[in-house]
1. For the protein assembly as shown, just the Cα set please: Rg and Dmax, both in angstrom.
2. Hey, got the dipole for segment B:44-118? About the Cα centre, +1 on K and R Cβ, -1 on D and E Cβ, debye to the nearest 20?
3. Step through the residues of segment A:229-239 one at a time and calculate ³J(HN,Hα) from phi using the Karplus curve (6.51 cos²θ - 1.76 cosθ + 1.60, θ = phi - 60°), rounding each to whole Hz and writing x for Gly and Pro.
4. Given a cut-off of under 8 Å on Cα pairs at least six residues apart, what relative contact order in percent is computed for segment A:2-148?
5. Segment A:171-197: which residues show an accessible-area loss of 50 Å² or more, assembly versus chain alone, 1.4 Å probe?
6. Within the P(r) computed for segment B:42-86, what percentage of the Cα pairs occupies the region above 12 Å?
7. Remind me, relative contact order of segment A:155-265 in percent, using alpha carbon pairs under 8 angstrom and six or more residues apart?
8. Please report the orientation-averaged projected area of segment A:78-156, defined via the convex hull of its C-alpha atoms, in nm².
Amino acid sequence: MYNKIAGHIEEHREELEKIWKDRLINDGEERIIDVMPQHIFESTSTDFFDIILLNLKDKGREYKVKLVNFSDKVVRLGWPVALVMKGLREFVHTVQENLVQYGSIDKEREGDYLELLDKWMTPISNEIVQTYAETWEKTVSLQKMALQELSAPLIPVVDQISVMPLVGTIDTERARLVMENLLDGVVNHRSEVVLIDITGVPVVDTMVAHHIIQAAEAVHLVGAKCMLVGIRPEIAQTIVNLGIDLDRFITTSTMKKGVELALEMTGRKIVELEG
Amino acid sequence: MRIPILKLNDCLLISIQWELDDQTALEFQEDLLKRIHETNARGVVIDITSIDFIDSFIAKVLGDVINMSRLMGAKVVITGIQPAVAITLIELGIRLDDVMTALDLEKGLEKLQQELGD
């Protein structure tokens, strides 16, 4: 039965390829085909056909390599996974209709053929979905890493004074990172005063405040002072309205004032040069 | 093994070098108070740089020692709390709010001198 299908496809390859491509293009939902250069679509589709045929004839190494290469290619070209899956489905339909049309198979055995075709496509679709999933997972983990690197940097600005600017939402995971970086940084840079800048934190709710208070207390334990700077008017309003007690901490509205205060606390000040 | 308590002018220096067990911690509490009484020390520096782990009992004993020393008129500075220890303490809800802390022994002594006003 395999050979029969394979023979038929090889014999009518050009016709099948044309019908199949027309179906994909005419379906119209996939805008990606419109924006894709014609020759890329053509060559990729031909590759696709080759692979399906190769699968039929030879399941050895060459097929494996080609399939992996093809999956990589569609992923790189940014074809939506739905389009590729549709391509596979349409292929089954096209071949089946074509087989019936040419009378190569008996009507009664149509179901068997359909099942066979399906079975034959499964490993291909599995491989492609696998490649897509791997790519997505890789992207997500890379972004996660990038986010982590960006999420809590401690910058030693002057001797004994360090700054940690926070930008974006703070969740429990990030708060843990903030605390660890803060403490390690204070010990490594031997800072006396650390400024946590929350200008970039959009919302300060009780949870965020709780995390910040904990971090500040931990800083006190390792022997440094913690200052909260960059408190915007709306943040000040929320803090008071929520009844969050920040009395134990030194807070200022801007980083500039904070740095001046920190210098004062470490017995220094900024002076202008004469002349 | 008891924890050695050294005297430096009117300060007492304690460096805790190994993990405290409950018994040692209690002995240390007694020893320190006795020494404060004997020497009339005005300041105490407890350095815990080498400690990477602290449990709630030890933390409580430390907090108690600090309060007791204060009652006896000695100011206490704790130095060298490791980041991991600080996180544990915060998670245990021990804040040591009114205790002086410093990064290391040197800065601790400096702070103490300032506090004692000489």
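1. 35.5, 111
2. Values: 6 positive and 12 negative charges, 37 e Å.
Taking the Cα centre of segment B:44-118 as origin, the dipole is about 180 debye.
3. 3J(HN,Hα) across segment A:229-239, in whole Hz: 10, x, 8, 7, x, 5, 5, 4, 4, 4, 4.
4. Numbers: 66 pairs, mean separation 47.0, N = 147.
Computed over segment A:2-148, the figure is 32 percent.
5. When all protein chains are present, A:R190 each give up 50 Å² or more of accessible surface.
6. Details: 613 of 990 pairs.
Of the Cα pairs, 62 percent sit more than 12 Å apart.
7. On the way: 158 pairs, mean separation 30.0, N = 111.
Rounded, it is 27 percent for segment A:155-265.
8. Details: hull surface 26.7 nm².
Spelled out: convex hull of the Cα atoms, projected over all directions, averaged, 6.7 nm².
The values are calculated or read from the model by the stated rules, or taken from the named source; none is laboratory data. A quick note: this is a predicted structure, and the numbers were derived from the prediction, not measured. Cβ: placed from backbone, ideal geometry, glycine included. Neighbour counts: every protein chain shown. Areas reflect the complete protein model, heavy atoms only, side chains present, ligands, DNA and RNA absent. Shrake-Rupley method; radii C 1.70, N 1.55, O 1.52, S 1.80 Å.
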